[in-house]
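Engineer: Following this message is one structure expressed as structure tokens.
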Amino acid sequence: MVPYLCCIILFLIGIYAILTKRNLIKIAIGFCLLEYAVNLFFALIGYKKDALAPIYTNVSQSKNFVDPIPQALVLTAIVIGLGTTALLLSVAVRIYEKYKTLDIKEIKRLKE
Amino acid sequence: MNYLPLFTALPLLGAFLTPLLSKIWERLSDIIGSIITTFLLILSIYSIFLLPIFGDLYVYEIGKWPIRPIPLGIVFTFDSLSLLMVLAINLLSFACAVYSINYLDNYTARWKFWTLFLLLIAGLNGVAITGDLFNLFVFIEISAISSYALVAFGVEKEDLEASFKYQVIGEVGGLTILLAIALIYAKTSTLNMADIANTFLNENKGTLFWFIISLLTFGFLIKSALFPFHFWLPDAHSQAPAPISAILSGIFIKTLGVYTLFRLIFNVFGLNRNNAPHYFNLLLILGILSIIITSFITLKQENYKRLLAYSTISQIGYIFVGLGLSNFFGIIGALTLIFAHALSKGLLFLTAGSVEREAGTLDINELTLLKKRMSFYGLVYTLGALSLAGIPPFLGFFPKLFLILGAIKEKMLGLAIILGIFSILTLAYLLKITNKVFTNKEGEEVKENSLSAISFLFLVFLIFIFGIFYFNYLQPNLINKASEVVIRGIEYARLVLMK
Amino acid sequence: MIELYILLIASIGAGIVAVEIKDLLASAISLGIVGFSVAIIFILVQAPDLAIVQIVVEVLTVIIFVAVILKTTHIDTTLENKMEVRDYLTKGVFVIFGIFFLIFSISALKELPEFGKPIMKIASHYLAKGFEEIKAANQVAAVILDFRGYDTLGEATVLFTSVIGVLTILRKIGKKK
Amino acid sequence: MRGMTIIVKTITKLLVGLIFLYGIYIITHGHLTPGGGFAGGVIISASFILLILAFGSEEIKERIGYIYSSIFESIGGLLFVFIALFGLLLGSYFFYNFLPKGKVFMLFSSGIIPLCNVAIGIKVGAGLFAIFLAIAATRFIMKE
């Protein structure tokens, strides 16, 4: 349970960065932290005590393996995270080019 | 019905082919895009006739991994609710694809638009037909990421700002959903939605259950832009290119937010008004607040597309009122509104694109001074607005009727009156545009473009014909069956696992 | 498993540094520390496939971050500005929300199976079938490409989408005048 | 983009081939050892990225790299969809593992998994290289 809780704390740090930081790159960093927290949580779920990685090395091996499904899902989630981070950062670069600032308070062209 | 994978495989094939073929001739991307959306439309209409043969639920096992005794692989579960969504998605995306062919002359890099457009459609179709929780997340991400890029397609200052905001908020929602999926997997050790439903049926519903529900609800309410999570929507939907605004407002938020919530709340977690009254009351209150607050904000809007975007939030409020009431009339009203709003809001956003092209601006006060007559657009716009506001005989009348009936049935007369009054307010702010932009104009008449006229007439025809034949065709054949899926609730699991 | 706890605490510490530090380059490097701690935790929980992907993806993420920071600015100037009432308000809202979320999650996490004892209802079938029927030695590969191959198609598509998205957003001119 | 010092260039020359080969090894042995299409694809793209970081590049080279990577990415994606659709044609199920499974621990075993790994490897390698070129290397590759 304590490892799970650490992931939740990391998740909250990410939320904190997204909510309170005004720099676009800091927001992207908070977003990455959020992603790591969720991936880590997912991977920890599949851990089985005193078990091996789910890879057979010989035919007559005992089948005491950790859960392979969370690993497969996290693999997907990592790649999705990389894609979204790249997209977010490319928008940040373009915003800097147009507005000459990364401060989110100065980037307000859209009115209420 | 073993053509079901084509709903996602075809647009994906098109999306992968487009970058290659457009290097030969850029216009090929138009052809690929329109052929594939046409084909998808044919497939979804074909499904209307094929589905009843399979007893209104068809389970497709991907990779030949059997669902019994234990669901090994990913499955598609195609039932009447999915059919309704797929139909709405593909009708609207066909109209938008036809419209885009000419509209894209305003933009550079045509093939990138088509690639992202096809990916968006693939994601939406994938969400509507899947029966696997993690697969649902993957397809939500596909459609969400392509929509982030499409919102910024014009790469102007405002587009980028809207896209950044939308992206950050949307991804927080997405990751919350992923966290909830992780918790569900830890508890049930399965990802098939029917199997999850079965597992939770026998568990006592403790804190963990409600924690999962609140995470999922938070994530999906962000995706569906209900008040108070709506603030990203007006920017994103008003800055996107017009056909994309039509898809985002018309069907995107409903597939990603409302449909998924319907599916998970009723079919997977088996909640209903009897065992979780507070949850449904919360949704009801948020829906009502959403209608009231955004209606007043909409009245003040001075921008054509922003006005339409704000009105989407209040219409989402109507859908959530139906969901919150969750009696027979409420569900029918909500499902019909999903369908009706997709067609009419799509139509209104498409006219916005044409007006912008003619006038070069979308500011209503500037448009008032414009010396051009746009009577065709005016006519089409007014028809769409009448349908959206709920004037008979158009399709949009029936959802409002059923929602009011649903409120009366729950003995909430005040709610029924609110729904009626704000329906009229909808008409008021929508007709503001007709009044200021389209009537009392001098000057030359603008020439209509034949392709965009086809898509306008297609949507107007649908709104009109579905309205006339609502009780004869649409309600008994589609809406009633879809509402049965919702009301049947947890029985979904048994049906899927027995197939 | 004392290493696991050390790494978790290290990643939380590095996360706080990444969020609060003024120099954005240092911030990106701290993010890298979090990512590598996560990769080592993956090795500890017997997930070598994940560790490989996480390490290479982390390197790439840091490269992209550094490239973006070099193109823009590497000092977070927003920290110099004075805090306004609204900023205090957001922080206050966050603190209340965070405490509530933490309490809610602690009582919810208690109902999960204990750490290190997964249920593995479907996974046990996968482990047997993957070896005997698919003849794959690496069970994770069997899961991602055969049992759940459709997910992987979606995943590859997400990457494709974001590549096209990045290329779309980096166009110099979007609208023709 | 400018290049780096002679030391970096020499070491890169020695290493880059090894990294590339290692990526191919990871891809082709994905069903036997840890790794697979994604990990291998990222490693292959890392080898190209290392080349550009160390030696620098001109706009012409980047433009060519961009065109090739976008072509390869589409080919990888098409290959993957076609493998899935072949399952639909031959086994009447999407993603059906239609190839003979072979023997465990052999390179040619477990049906479509190695093929899928190769398709994903091509796609991921090309895609990430394209992202890197677009964000890091040239300011604006495309002036269409």
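Engineer: Please list B:E491, B:E366 in order of solvent-accessible area, largest first, computed with a 1.4 Å probe with all protein chains present.
Structural biologist: B:E366, B:E491
Engineer: Another question, then. How shielded is B:150-156 by partner chains, expressed as the average number of their Cβ atoms within 10 Å of its Cβ atoms?
Structural biologist: Going residue by residue through B:150-156 and averaging, the value is 6.
Engineer: Over the range C:1-81, what number does the Rg to Rh ratio reach, with both radii from the alpha-carbon atoms and Rh per Kirkwood?
Structural biologist: Using Cα coordinates only, the ratio equals 1.06.
Engineer: Solvent-accessible area of B:F94, probe 1.4 Å, all protein chains present, reported in Å² to the nearest ten, please.
Structural biologist: 40
Engineer: Mind checking which aspartates and glutamates have their Cα closer than 15 Å to the Cα of B:K157? Skip sequence neighbours fewer than 8 apart in that chain.
Structural biologist: Leaving aside aspartates and glutamates fewer than 8 places away in the same chain, those within reach of B:K157 are A:E97, A:D103, A:E106, B:D235.
Engineer: Please list, by residue number, every one of the trypsin sites (Lys or Arg not before Pro) in the range D:1-74 that is coil in DSSP and has at most 13 other beta-carbon atoms within 10 Å.
Structural biologist: D:R2
Engineer: Mind running the shape call on the range D:6-137? Use the C-alpha gyration tensor, a ≥ b ≥ c as the square roots of the eigenvalues: rounded below 1.5 for a/c, prolate if a/b tops b/c, oblate otherwise.
Structural biologist: oblate
Engineer: Kindly provide the GluC sites (Glu not before Pro) of the range C:1-84 that DSSP labels as loop, not H, G, I, E or B, and whose Cβ sees at most 15 other Cβ atoms within 10 Å.
Structural biologist: Passing both the DSSP loop test and the Cβ count: C:E80, C:E84.
Engineer: On a 0 to 90 degree scale, rounded to 10, what angle separates helix C:24-44 from the longest Cα axis of chain C?
Structural biologist: 10
Engineer: I'd like the Kirkwood hydrodynamic radius of chain B, using the inverse of the mean 1/r over distinct C-alpha pairs, in Å.
Structural biologist: Final number for the Kirkwood radius of chain B is 22.6 Å.
Engineer: Just to be sure I understand the model, the point goes 7 Å from the Cα along the line to the Cβ. What's the resulting C:T90 to B:E302 distance in nm?
Structural biologist: 2.7
Engineer: For n ≥ 4 DSSP H runs only, could you compute -39500 (n - 2.57) per run for chain A, divide by its residues and tell me the 222 nm figure to the nearest 500?
Structural biologist: Helix contribution divided over all residues of chain A: -23000 deg cm²/dmol.
Engineer: On to the next question. Taking square-rooted eigenvalues a ≥ b ≥ c of the alpha carbon gyration tensor, is chain C rounded, prolate or oblate, where a/c under 1.5 means rounded and, failing that, a/b exceeding b/c means prolate?
Structural biologist: In terms of gyration-tensor shape, oblate.
Engineer: Return the whole-Å distance between the Cα centroid of the range C:105-177 and the Cα centroid of the range B:397-415.
Structural biologist: 43
Engineer: Moving on to the next point. Can you give the average number of partner chain beta-carbon atoms within 10 Å of each beta-carbon in peptide B:108-117, as a whole number?
Structural biologist: Counting Cβ atoms of other protein chains within 10 Å of each residue's Cβ and averaging gives 4.
Engineer: Just to verify a number: FRET efficiency for B:F39 and D:S92, C-beta to C-beta distance, R0 = 22 Å, to 0.05?
Structural biologist: Here the calculated transfer efficiency is 0.65.
Engineer: For the range D:85-137 and the range B:129-189, what is the separation of their C-alpha centers, rounded to whole Å?
Structural biologist: 25
Engineer: Please identify which residues in the range C:72-107 have an amide N closer than 16 Å to a label point set 7 Å out from the Cα of A:V2, following the Cα→Cβ vector.
Structural biologist: none
Engineer: Using only Cα positions of the protein assembly as shown, each an equal point scatterer, no hydration layer, compute I(q)/I(0) via Debye at q = 0.10 Å⁻¹ and quote the log10 values to two decimals.
Structural biologist: Computed log10 I(q)/I(0) values: -1.14.
Engineer: If the limit is 25 Å between Cα atoms, which of B:K372/B:K432; A:K105/B:K254; A:K48/C:K129; B:K300/B:K345; B:K112/D:K13 go over it?
Structural biologist: In this structure, A:K105/B:K254; B:K112/D:K13 lie more than 25 Å apart at Cα.
Engineer: Under the Karplus relation 6.51 cos²θ - 1.76 cosθ + 1.60, θ = phi - 60°, what is the ordered set of whole-Hz ³J(HN,Hα) values for the range A:80-88, x standing for Gly and Pro?
Structural biologist: Per-residue couplings from phi come out as 4, x, 4, x, 5, 4, 4, 5, 4 Hz.
Engineer: Also, quick follow-up: Just grab the label-to-label distance for D:R63 and D:L18, each label 7 Å out from Cα along the Cβ direction, in nm (one decimal).
Structural biologist: 3.6
Engineer: Please list, by residue number, every one of the trypsin sites (Lys or Arg not before Pro) in the range B:365-413 that is coil in DSSP and has at most 11 other beta-carbon atoms within 10 Å.
Structural biologist: B:K371, B:K411
Engineer: Calculate the spin-label point distance for B:N440 paired with D:T5, positioning each point 7 Å from the Cα along the beta-carbon direction, and give it in nanometres.
Structural biologist: Going from the D:T5 label point to the B:N440 one covers 7.7 nm.
Engineer: Can you give the translational diffusion coefficient of the range B:274-468 in µm²/s, computed by Stokes-Einstein from the Kirkwood radius over Cα pairs at 25 °C and 0.890 mPa s?
Structural biologist: Once the numbers are plugged in, D ends up at 143 µm²/s.
Engineer: May I ask you to rank D:K103, B:K254 by accessible area, largest first, using a 1.4 Å probe over the protein chains only?
Structural biologist: So, going from the largest accessible area down, we get D:K103, B:K254.
Engineer: Okay, helix-only estimate at 222 nm for chain C: each DSSP H run of n ≥ 4 adds -39500 (n - 2.57), divide by all residues, round to 500 deg cm²/dmol; what do you get?
Structural biologist: -23500 deg cm²/dmol
Engineer: Helix-only estimate, please: 222 nm mean residue ellipticity of chain B, summing -39500 (n - 2.57) across DSSP H runs of length 4 or more and dividing by its residues, to the nearest 500.
Structural biologist: Calculated from helices alone, the mean residue ellipticity at 222 nm is -23000 deg cm²/dmol.
Engineer: Could you rank the peptides B:222-234, B:81-93 by their average count of other C-beta atoms within 10 Å per residue, with the highest value first?
Structural biologist: Ranked by mean Cβ neighbours within 10 Å, highest first: B:81-93, B:222-234.
Engineer: Peptide C:91-103: average number of partner chain Cβ atoms within 10 Å per residue?
Structural biologist: Going residue by residue through C:91-103 and averaging, the value is 3.
Engineer: Another question about this same structure. Classify chain A as rounded, prolate or oblate from the Cα gyration tensor: take a ≥ b ≥ c as the square roots of its eigenvalues, call it rounded if a/c is under 1.5, otherwise prolate when a/b beats b/c and oblate if not.
Structural biologist: Prolate, because a/c is 1.5 or more and a/b exceeds b/c.
Engineer: Starting from the Cα-Cα distance between B:D363 and B:I31, subtract it from 0.36 nm times their residue separation and give me the gain in nm to one decimal.
Structural biologist: Stretched fully, the B:D363-B:I31 segment lengthens by 116.2 nm.
The values are calculated or read from the model by the stated rules, or taken from the named source; none is laboratory data. Keep in mind it's a predicted model, so treat the numbers as computed, not measured. Every residue, glycine among them, receives a Cβ derived from its backbone with ideal geometry; neighbour counts consider all protein chains shown. Only protein heavy atoms, including side chains, enter the accessible area calculation; ligands, DNA and RNA are left aside. Shrake-Rupley method; radii C 1.70, N 1.55, O 1.52, S 1.80 Å.
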